[in-house]
Amino acid sequence: MTEKNAACALVAFIAATAVAGCGGKEKGEAEPAAAAANEEPFAPSPVEIALAEPPAPIAAETIEMNSRRGRILFIAKGCVICHQVNGVGGKAAPDLSTSAASGAINPLDFSARMWRGASAMTALQAAELGYVIDLDAEDIADLAAFAGGADEQRLLTLDQVSVEMRKWFLDEPYWRAGDWSDVRAAARKFLLSSLRTGDDQRRASSIHFSMTSSMRLSSFKS
């Protein structure tokens with residue numbers, strides 16, 4: 001072999017070695033296709049499967065709304081002491097009068113509005129009535145119907161409210177103040193006084209209506 005041929009063979013050997021070093025695999029290293037074939041197939045969990053589906057439908061109970069019952073409850077439950085409708089009632093809380101039909105009434109929306117004012121409302125009830133008014137789902141639905149029923153609201157007149165209850169109308173617009181600390185303090189004072197001395201510092205009068213509804217009004221000595 002000539003010197004020139006030997007040099008060419010050496011160059012070819014070096015080039016082949018370099019190519020093998022760059023593209024070769026370590027001993028025992030699997031090819032990508034082979035490694036993928038050995039992987040476990042993806043299997044979603046029951047929770048992942050459920051989250052991928054739309055939520056199951058929930059049946060909602062429909063409550064019959066009756067604005068006539070709502071008008072009776074507005075008086076019987078004592079709402080009229082703080083709220084005014086058709087010019088009848090107190091001014092301590094927002095006026096609930098409506099001048100036109102409100103269309104479809106959503107009792108859940110009405111309940112949410114009550115919830116937002118629940119802290120101030122219950123404090124005022126405890127201070128002025130001596131207890132917190134109890135309302136069930138049907139009561140709230142009926143009151144919502146009355147609050148949105150212009151026709152039924154026009155039927156509310158002052159003579160439907162007893163003379164005794166009219167004395168309890170609150171004309172101070174507490175709801176505009178935003179500070180209920182005095183009302184809450186009065187409520188706590190009443191409750192503590194009741195626990196210490198019983199009923200001797202309270203006089204109670206029961207006001208009964210032609211319907212089955214009734215309410216109890218209690219006063220306390222400041």
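Data for the structure
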{"item": "Among (1) at pLDDT 85 or above; (2) surrounded by 10 or more Cβ atoms within 10 Å (Cβ to Cβ); (3) on the phi < 0 side of the Ramachandran plot - the single one Ser102 does not satisfy", "result": "(1)"}
{"item": "Tally, over region 53-79, of residues that are more than 15 Å from Glu152 (Cα to Cα) and not small (Gly, Ala, Ser)", "result": "11"}
{"item": "The lone exception for Asp134 - which of (1) surrounded by fewer than 19 Cβ atoms within 10 Å (Cβ to Cβ); (2) touching a Phe, Trp or Tyr at 6+ places or on another chain (Cβ under 7 Å) it fails", "result": "(2)"}
{"item": "Only one of Val80, Val47 that is assigned to a helix (DSSP H, G or I), loosely packed, with under 10 Cβ neighbours inside 10 Å and over 24 Å from the mean Cα position of the chain (by Cα)", "result": "Val47"}
{"item": "Residues located in region 56-76, provided they are surrounded by fewer than 20 Cβ atoms within 10 Å (Cβ to Cβ) and either of a type in the set (D, E, K, R) or farther than 12 Å from Asp139 by Cβ (or both)", "result": "Ala56, Pro57, Ile58, Ala59, Ala60, Glu61, Thr62, Glu64, Arg68"}
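Per-residue answers, yes or no, for (1) among the small types (Gly, Ala, Ser); (2) closer than 19 Å to Gly78 by Cβ; (3) modelled with pLDDT of 80 or more:
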{"position": "Asp136", "(1), (2), (3)": "no, yes, yes"}
{"position": "Ala144", "(1), (2), (3)": "yes, yes, yes"}
{"position": "Ala150", "(1), (2), (3)": "yes, no, yes"}
{"position": "Ser162", "(1), (2), (3)": "yes, yes, yes"}
{"position": "Asp171", "(1), (2), (3)": "no, yes, yes"}
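The values are calculated or read from the model by the stated rules, or taken from the named source; none is laboratory data. Just so it is clear, the structure is predicted and the values come from calculations on it, not from any experiment. Neighbour counts run over all protein chains shown; Cβ positions are idealised from the backbone, glycine included.
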